[in-house]
Amino acid sequence: MSTRYFSGSAVALVTPFRQDRSIDTEALRRLVQFHLEAGTDMIIPCGTTGESPTLSGEEQFDIIRTVRDEAGGKIIVAAGAGTNATDHAVELAKNAEKAGASALLSVAPYYNKPSQEGIYQHYRHIAEAVSVPIIIYNVPGRTGCNVAASTILRLARDFENIAAVKEASENISQISELLEERPDHFSVLTGEDALILPFMAMGGDGVISVAANQVPLQIKQLVEAARRGDLDEARVINRRYRKLLRLNFIESNPVPVKYALARMGMIEEHYRLPLVPLSPENKQIIDQELITLGLL
């Protein structure tokens, strides 16, 4: 890969459930169409926002296949396919590739707290098992360990199909090192909606966004304005949606964003345990912001 495969606005897609907690395939297809119409650059099903820890391998396969079929080749489908046991992560990666994913998002091993060499070996096994591009997902706040910039860069240089990182560490020094030292083929994406504007100004390639579930067109416009250096327009968009970006994490993701989508009439409001519905107080707060933004 001589050029960067990943850029722009990607959505960390929610998984819609029915009342019996089965996959709502019809709602899933509607969500894909929503993003095609908005011009979203990449859809990521089965990630953290998609409640991946609660999905079976068969459900993962079916969700990816549904999204791929509905997208019809018009958009990159980069499926979440990671876990903290390397053999299982390899199995999930192979399953996602078989389901038709054109790329993979693989979270860093969580809870185990491996060394940097352990993290390197984890991703080496995944990279050698599949042929599609891989996005490393570094999110220390959830995993309990940071994938160091030196490890990310080593992986990017050693494996051509390790093509990007979703960097959600909020570590500006680490982000700077990645942007300055990366190979030509390697994309650096932010995983923090609140950092889109400064991240793009530093030379980042795009975002994997939670808020793009609700306002995909506006997130894309924010990314594109910042990319072309129109910081005045980017600041206007960022200011308008800044509160929504924060409220999406008023409780654990994806509970707030799924509540908002349900209020917007796009999905039913169902979660899988241990996630439970928003508190009544937080529902009122989100309702008010949705009204302010004209989303209700």
Being under 30 Å from Arg246 (Cβ atoms) and in a helix (DSSP H, G or I), is that true of even one residue in region 130-140? yes
Scanning region 121-154 residue by residue, the ones that are farther than 21 Å from Ile76 by Cα, in contact with a helix residue (DSSP H, G or I) (Cβ under 9 Å, 6 or more places away or on another chain) and open to solvent by less than 30 Å² (accessible area, probe 1.4 Å) total 10
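Out of the residues in region 180-196 meeting the condition of being aliphatic (A, V, I, L, M) and open to solvent by 30 Å² or more (accessible area, probe 1.4 Å), tell me which one is nearest to Arg228 (Cα to Cα). I'd like the intermediate steps shown before the answer.
Taking region 180-196 first, the residues aliphatic (A, V, I, L, M) are 188-189, 194-196.
When the remaining residues are screened for being open to solvent by 30 Å² or more (accessible area, probe 1.4 Å), the result is 194-195.
Working: Ala194: 19, Leu195: 17 Å.
By that ranking, first place goes to Leu195.
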Among (1) closer than 18 Å to Ala38 by Cβ; (2) assigned to a helix (DSSP H, G or I); (3) open to solvent by 20 Å² or more (accessible area, probe 1.4 Å), where does Lys74 come up short? (2)
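Could you go through region 255-276 and let me know if any residue there is of a type outside the set (Gly, Ala, Ser), touching a Gly at 6+ places or on another chain (Cβ under 9 Å) and open to solvent by less than 80 Å² (accessible area, probe 1.4 Å).
At the first step, the residues of region 255-276 found to be of a type outside the set (Gly, Ala, Ser) are 255-259, 261, 263-264, 266-276.
Filter again for touching a Gly at 6+ places or on another chain (Cβ under 9 Å), leaving none.
The answer is no; no qualifying residue exists.
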Extreme residue, nearest to Asp41 (Cα to Cα), among residues of region 198-213 that are part of a helix (DSSP H, G or I) and open to solvent by less than 30 Å² (accessible area, probe 1.4 Å): Ala212
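Where residues in region 103-115 are among the hydroxyl-bearing types (Ser, Thr, Tyr) and open to solvent by 40 Å² or more (accessible area, probe 1.4 Å), which of them is nearest to Thr83 (Cα to Cα)?
Filtering region 103-115 for residues among the hydroxyl-bearing types (Ser, Thr, Tyr) gives 106, 110-111, 115.
Within this subset, residues satisfying the condition of being open to solvent by 40 Å² or more (accessible area, probe 1.4 Å) are 110-111, 115.
Numbers: Tyr110: 7, Tyr111: 10, Ser115: 16 Å.
In this case the residue turns out to be Tyr110.
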Take the conditions open to solvent by 10 Å² or more (accessible area, probe 1.4 Å), assigned to a helix (DSSP H, G or I) and over 20 Å from Ala78 (Cβ atoms) and apply them to Arg157. Does it pass? yes
Can you pull out the residues in region 11-33 that are in contact with a helix residue (DSSP H, G or I) (Cβ under 7 Å, 6 or more places away or on another chain), under 20 Å from Ile208 (Cα atoms) and hydrophobic (A, V, I, L, M, F, W, C)? Val11, Ala12, Leu13, Val14, Leu28, Val32
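Within the group Asn213, Asn238, which residue is modelled with pLDDT of 95 or more and farther than 24 Å from Ser176 by Cβ? Break it down stepwise before answering.
On the way: Asn238 fails: farther than 24 Å from Ser176 by Cβ.
Result: Asn213 is the single residue among Asn213, Asn238 that is modelled with pLDDT of 95 or more and farther than 24 Å from Ser176 by Cβ.
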Heads up, the helices (runs of 4 or more DSSP H) in region 220-296 (entirely inside) with at least 2 residues that are within 21 Å of the chain's Cα centre (by Cα) are 231-247, 255-263
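The rows are residues; the columns are (1) closer than 18 Å to Ile76 by Cβ; (2) in a helix (DSSP H, G or I); (3) among the acidic types (Asp, Glu).
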residue	(1), (2), (3)
Val11	yes, no, no
Gln19	no, no, no
Gln33	yes, yes, no
Cys46	yes, no, no
Glu59	no, yes, yes
Subset tally (residues that are open to solvent by 10 Å² or more (accessible area, probe 1.4 Å) and either in contact with a Leu (Cβ under 6 Å, 6 or more places away or on another chain) or closer than 16 Å to Ser102 by Cβ (or both)) for region 1-11: 5
Within region 15-31, of all residues that are β-branched (Val, Ile, Thr) and crowded, with 16+ Cβ neighbours inside 10 Å, the one farthest from the chain's Cα centre (by Cα) is Ile23
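Can you go through Ile172, Ile250, Ile219 and tell me which one is open to solvent by 10 Å² or more (accessible area, probe 1.4 Å) and closer than 22 Å to Leu13 by Cβ?
Details: Ile172 fails: closer than 22 Å to Leu13 by Cβ; Ile219 fails: open to solvent by 10 Å² or more (accessible area, probe 1.4 Å).
The unique qualifying residue is Ile250.
The values are calculated or read from the model by the stated rules, or taken from the named source; none is laboratory data. Everything numeric here is computed off the predicted structure, so don't read it as measured data. Cβ sites come from the backbone with ideal geometry, for glycine too, and all protein chains shown count toward neighbours. These area figures cover heavy atoms from the full protein model, side chains too; ligands, DNA and RNA do not enter into them. Shrake-Rupley method; radii C 1.70, N 1.55, O 1.52, S 1.80 Å.
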